Amino acid sequence: MNDTGTDLIPAPRHIRDTLPGGGTGHVIDEDTEIDAGPGTERVARWLRATVGTATGLPLAPHGDSANRILLRIAPELADELGGPEAYRVAVDGYLVAIDGASETGLFWGAQTLRQLLGPEAFRRAPVTARTEWALRALVIEDAPRFAWRGAMLDVARHFLPKGDVLAYVDLLAAHKLNVLHLHLTDDQGWRLEIKRHPRLTEVGAWRARTKVGHRASPLWDERPHGGYYTQDDMREIVAYAAERHITVVPEIDMPGHSQAAIAAYPELGNTDVIDTTSLSVWDTWGVNPNVLAPTDTTLAFYEDVLTEVLEIFPSPFVHIGGDECPKEQWRASPTAQARIAEEGLADEDELQSWFIRHFDRWLTGRGRRLVGWDEILEGGLAEGATVSSWRGYAGGIAAARAGHDVVMCPEQQVYLDHRQAAGDDEPVPIGFVRTLEDVYRFEPVPPELDADGAERVIGTQANIWTEVMESRQRVDYQTFPRLAAFAEVAWSRLPAPEARDFAAFERRMTGHYARLDALGVDYRPPGGPRPWQRRPGVLGRPIEGAPPIV
């Protein structure tokens with residue numbers, strides 16, 4: 001990686017100046033046109049809608065001007081640079097040329113051009129009378145390390161309006177992240193309209209009040225909280241993301257984290273153990289004992305749900321959760337015990353595996369792939385399942401060695417709800433201290449894996465859980481700037497964690513903070529929270545003596 005002084009994030013694989021001293025190669029102005037080759041029309045439209053709007057330049061379709069931005073699909077770059085998302089940006093005295101191995105690669109090249117133009121290119125309207133935008137003469141060649149570069153956004157614990165989700169799609173795209181994993185259902189809320197079962201949102205999308213801070217906090221917000229996305233809302237989000245080459249992966253959590261669904265349809269719960277008609281949408285945090293009953297009724301219900309999910313989301317992956325499923329109700333339930341005996345299962349762990357295997361087969365039969373949290377390893381892993389390894393690396397290592405694909409997202413490294421510093425000013429301090437540098441030194445592929453196992457790590461993901469993030473402002477604070485460091489880890493081929501040049505990354509972040517300012521992101525400043533970002537008196541759950549990054 002040859003850094004010639006640009007502040008690009010994530011860092012490209014190769015960058016070189018083509019004039020001594022980094023001289024100006026091309027000036028973009030009101031006469032600059034976009035020469036869109038076959039298959040590049042959507043990228044041209046995006047450039048006009050973002051860069052054109054921010055600069056006030058028309059970026060008209062190409063006529064006969066030599067002053068142009070040339071967009072081309074060049075499939076040979078896949079072999080030359082490494083994969084279908086590869087791109088090349090070349091700036092000389094004649095034009096700006098962006099070549100992509102595919103439309104996706106071309107789009108990432110266009111994102112790089114936007115960064116080269118400076119922070120003003122990230123605004124929604126011109127802020128100066130500037131009419132010329134000078135670019136250095138250079139060549140950038142780049143391709144990502146991982147195919148899955150994701151962020152999980154939890155909209156179940158605290159609902160984010162559609163506009164905020166769309167804004168996060170743009171933020172992911174600006175960082176060359178390509179998966180938005182939406183955590184749509186949990187004990188505290190069901191956020192997706194299901195037409196076959198309308199009470200999921202009529203009842204399950206709303207809770208009477210909300211715990212403020214950690215579950216041990218004495219504070220409550222007594223206002224009802226809720227919201228959901230209509231199917232058209234979600235189709236809009238999916239289409240908006242697709243225009244930006246981001247796949248939206250839906251998560252419908254089962255068999256645990258399901259009290260909102262049971263509150264709406266009590267027959268889904270273990271009715272032979274508890275009075276499920278007394279349950280409401282949960283108003284606090286933690287691991288909930290009320291889990292789905294392993295009945296044919298439950299299976300059919302969730303097949304209905306997933307049938308509608310598949311109609312909305314073209315993603316090849318569907319996340320079914322599978323985590324934190326307490327077994328106490330199943331141990332006490334004659335119905336669950338009868339299912340164990342009927343299926344010849346050894347115990348309740350295998351009953352959970354039976355549940356997951358059912359939906360693995362169901363999704364496979366419809367051309368989709370099941371992905372779940374690493375608890376789906378318990379009792380035996382479903383044949384086609386992909387594992388999101390969150391409880392450290394161990395689950396991912398086991399899954400990879402067994403021939404399963406893995407997305408590495410260990411809590412100790414990339415859970416962005418965890419606090420960013422040890423100071424008393426950190427709002428609602430949760431979990432481990434994970435600084436910007438800690439995230440930058442995260443390594444998704446553990447050294448315990450051999451070459452074959454390492455190939456099974458298809459990517460990595462940062463997770464944004466929102467129990468203590470009640471607004472977009474709080475999500476911004478917890479997510480940024482750490483998501484920028486994570487994006488570089490996911491995209492760039494960095495050296496070993498201990499050899500990474502964090503000081504150079506910090507220098508590049510100086511320019512990147514200006515981009516985040518232009519985008520309106522309420523990030524955590526390097527010196528600590530601003531006064532309005534603090535939450536004095538709201539209890540968190542800091543974990544002292546947390547293990548170091550490994």
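Where a number appears in this text, it was derived from the coordinates with a stated rule and is not lab data. Remember, predicted model here, so these are calculated numbers, not experimental data. Cβ atoms come from the backbone with ideal geometry, glycine included; neighbour counts cover every protein chain shown.
Assuming charge only on the beta carbon of Lys and Arg (+1) and of Asp and Glu (-1), the dipole of the chain about its Cα centre is about 1220 debye to the nearest 20. Expressed as a fraction of 2.2 N^0.38 Å, the C-alpha radius of gyration for region 429-550 is 1.17.
Taking the convex hull of the alpha carbon positions in region 491-533 and averaging its projected area over all directions gives 4.2 nm². For region 375-405 versus region 21-39, the spacing of their alpha-carbon centroids is 47 Å. Note on region 219-364: with charges restricted to the Cβ of Lys and Arg (+1) and Asp and Glu (-1), its dipole about the Cα centre is near 160 debye. If the Kirkwood radius is taken over C-alpha pairs of region 95-152, then at 4 °C and 1.567 mPa s the Stokes-Einstein diffusion coefficient equals 95 µm²/s. When only alpha carbons are used to place a centre, region 258-274 and region 111-130 end up 52 Å from one another. In vacuum, with every alpha carbon of region 14-142 counted as one equal point scatterer, what does the Debye formula give for log10 I(q)/I(0) at q = 0.09, 0.10, 0.14, 0.16 Å⁻¹? Two decimals, please. The Cα Debye sum returns log10 ratios of -0.23, -0.28, -0.56, -0.74.
Per-residue Karplus couplings for region 134-144, computed as 6.51 cos²θ - 1.76 cosθ + 1.60 with θ equal to phi - 60°, are listed in order as 7, 10, 5, 7, 7, 10, 10, 10, 7, 6, x Hz, Gly and Pro entered as x.
Rounded to 0.05, the FRET efficiency of the ASP221 and GLN473 pair, given R0 = 22 Å and the Cβ-Cβ distance, is 0.90. In this rough spin-label picture, where each label sits 7 Å from Cα along the Cβ direction, the VAL139-THR24 distance is 2.4 nm. Among ILE262, ILE34, ILE340, sorting on how many other beta-carbon atoms sit within 10 Å of each Cβ, with the fewest leading, yields ILE340, ILE34, ILE262. Computed over region 56-213, the quotient of the alpha carbon radius of gyration and 2.2 N^0.38 Å is 1.41.
At full extension, ASP425 and ASP92 could sit 115.0 nm farther apart than now, given 0.36 nm per residue minus the alpha carbon distance. Taking a straight Cα-Cα cut-off under 25 Å and skipping sequence neighbours fewer than 8 places away in the same chain, the lysines within cross-link reach of LYS176 are LYS162. Quarter the surface of the alpha carbon convex hull of region 305-433 and you get the mean projected area, 10.3 square nanometres. Extending 7 Å from the Cα toward the beta-carbon at both ASP275 and ALA338 defines two label points whose distance is 2.3 nm. Available extension along the chain between ARG199 and GLU311 is 38.4 nm, counting 0.36 nm per residue and deducting the alpha carbon span.
Give me the percent relative contact order of the chain, please, defined on Cα pairs under 8 angstrom at least 6 residues apart. Here the relative contact order equals 14 percent. Beyond 34 Å, the tail of the calculated P(r) for the chain holds 40 percent of the Cα pairs. Within the set of other residues whose C-beta is less than 9 Å from the C-beta of ILE98, count the net charge using Lys and Arg as +1 and Asp and Glu as -1. Overall, the nearby charge balance is +1. Relative to the current alpha-carbon distance between ALA66 and ASP31, full extension at 0.36 nm per residue lengthens the span by 11.7 nm. Rg and Dmax of region 223-272, based on Cα coordinates, read 15.3, 48 Å. Taking label points 7 Å from Cα along the Cα-to-Cβ direction, GLU236 and ARG534 give a separation of 3.9 nm. Quick one: grab the alpha carbon gyration tensor of region 226-385, order the square roots of its eigenvalues as a ≥ b ≥ c, and give me rounded if a/c is under 1.5, else prolate or oblate depending on whether a/b is larger than b/c. Oblate shape, in that a/c is at least 1.5 and b/c is the bigger or equal ratio. Scaled against 2.2 N^0.38 Å for its residue count N, the alpha carbon radius of gyration of region 143-236 is 1.26.
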